[in-house]
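Only one structure is covered here, and it is reproduced in the block below.
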Amino acid sequence: MKTMRLWSLLSALFFVLGAVTPTTASAMEVSALLDKVAAAYGINTLANGIKGVRQTGRTFSSMRQEEGPILRTYQHPDRLRIEIRYPGSEEIRVLNGSQAWKQDEPITGSFHAAMILQAARMALPWSLQKDRSSLRDLGTLKLEDGKNLQVLEQPLGIGLVMRATIDTDTGRILRSVGRMTGNMGIMEFGTIYEDFRMQDGLLYAAKERHFAMNQATGHTHIDKIEFVDALPETLFLPDGKAAAKTRI
């Protein structure tokens with residue numbers, strides 16, 4: 001019941017922020033919150049920030065009504081590979097900076113932008129620290145149970161931003177929303193984070209609930225996460241060009 005109530009509150013938060021004027025924090029308070037985020041995620045143990053992440057688990061698509069194993073590999077700052085094996089089919093998306101592919105075919109426009117947002121989400125706790133000076137404070141809200149949530153917005157360029165909703169008590173990021181502005185107006189892709197766990201001294205959310213335009217699109221459970229210094233460059237090329245291909 002408590003989880004479902006928090007899900008409802010977080011899902012409605014964007015609309016709440018648009019309807020009322022939240023309490024904004026001072027620059028000193030924002031800095032203190034980011035310090036708390038760093039402590040919560042164990043970022044202070046990394047000398048030069050996160051370099052690479054590998055996640056394996058299972059994901060469920062509401063549109064497909066199917067579940068399958070998922071593998072995500074991320075290399076700082078803008079390389080990402082996502083592999084999903086649904087029953088009888090597979091989906092592979094790759095981002096390598098200014099280029100992106102889906103099933104070996106180049107993708108551009110909003111599809112490329114969506115991959116940029118997903119890459120930013122993979123390293124969100126670390127990128128917030130790196131971009132401290134450019135973050136925008138969207139305000140703090142006090143919920144009925146006394147929980148305080150603060151929203152920080154990170155600009156990603158070319159009409160893209162990432163909004164992080166942070167529990168001011170724990171420093172945990174409870175929700176992220178990637179927003180892109182284009183010819184179709186504003187589109188949003190969000191994730192709510194639950195079931196926080198520690199791995200190698202670093203915090204991560206084992207359960208993710210996904211939504212787009214405030215509609216649930218599925219969920220992912222991360223079974224294993226690895227923090228690495230480097231990943232093969234061939235991972236971030238379309239499969240037809242890659243010298244090696246990963247398998248789940």
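The values are calculated or read from the model by the stated rules, or taken from the named source; none is laboratory data. Keep in mind the model is a prediction, meaning the values are calculated, not measured. All Cβ positions, glycine included, derive from the backbone under ideal geometry; neighbour counts span all protein chains shown.
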Residues that are free of Cβ contacts under 8 Å to residues at least 24 places away in the same chain and of a type in the set (Gly, Ala, Ser): does the range 36-47 have at least one?
yes
What single numbered condition from (1) within 19 Å of residue 189 (Cβ to Cβ); (2) without any contact (Cβ under 8 Å) to a residue 12 or more places away in the chain fails to hold for residue 133?
(1)
Sort out which residues of the range 177-198 are aliphatic (A, V, I, L, M) and either in contact with a helix residue (DSSP H, G or I) (Cβ under 8 Å, 6 or more places away or on another chain) or touching a residue at least 12 places away in the same chain (Cβ under 8 Å) (or both), and write them in order of number.
177, 180, 184, 187, 192, 198
Out of all the residues in the range 204-220, is one or more over 24 Å from residue 64 (Cα atoms) and in contact with a helix residue (DSSP H, G or I) (Cβ under 9 Å, 6 or more places away or on another chain)?
yes
I'd like the full set of residues that are assigned to a strand (DSSP E or B) and either charged (D, E, K, R) or surrounded by fewer than 19 Cβ atoms within 10 Å (Cβ to Cβ) (or both), limited to the range 214-234.
215, 216, 217, 218, 221, 223, 224, 225, 226, 227, 228
For the range 198-213, what are the residues that are at positive phi and either among the hydrophobic types (A, V, I, L, M, F, W, C) or assigned to a strand (DSSP E or B) (or both)?
213
Residue among 179, 209 that alone is closer than 22 Å to residue 62 by Cβ and either of a type in the set (Phe, Trp, Tyr) or in contact with a His (Cβ under 7 Å, 6 or more places away or on another chain) (or both)
209
Going through the range 194-205 one residue at a time, which ones are among the aliphatic types (A, V, I, L, M) and under 14 Å from residue 226 (Cβ atoms)?
198, 202
Yes/no for residue 117 being surrounded by 16 or more Cβ atoms within 10 Å (Cβ to Cβ), under 18 Å from residue 190 (Cα atoms) and touching a Phe, Trp or Tyr at 6+ places or on another chain (Cβ under 8 Å)
yes
Inside the range 133-180, counting only strands (runs of 3 or more DSSP E) that do not spill past its ends, which hold 2 or more residues that are crowded, with 19+ Cβ neighbours inside 10 Å and within 17 Å of the chain's Cα centre (by Cα)?
148-157, 160-167
Checking 166, 192, 116 in turn, the sole residue that is among the aliphatic types (A, V, I, L, M), at pLDDT 90 or above and farther than 25 Å from residue 94 by Cα turns out to be 166
Matching entry among 61, 110, 98 (being of a type in the set (Ser, Thr, Tyr), touching a residue at least 12 places away in the same chain (Cβ under 8 Å), closer than 25 Å to residue 182 by Cα and surrounded by fewer than 21 Cβ atoms within 10 Å (Cβ to Cβ))
110
Subset of the range 108-161, residues among the basic types (Lys, Arg) and touching a helix residue (DSSP H, G or I) at 6+ places or on another chain (Cβ under 7 Å), comes to 132
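Would the range 159-171 turn up any residue that is touching a Phe, Trp or Tyr at 6+ places or on another chain (Cβ under 7 Å) and hydrophobic (A, V, I, L, M, F, W, C)?
no
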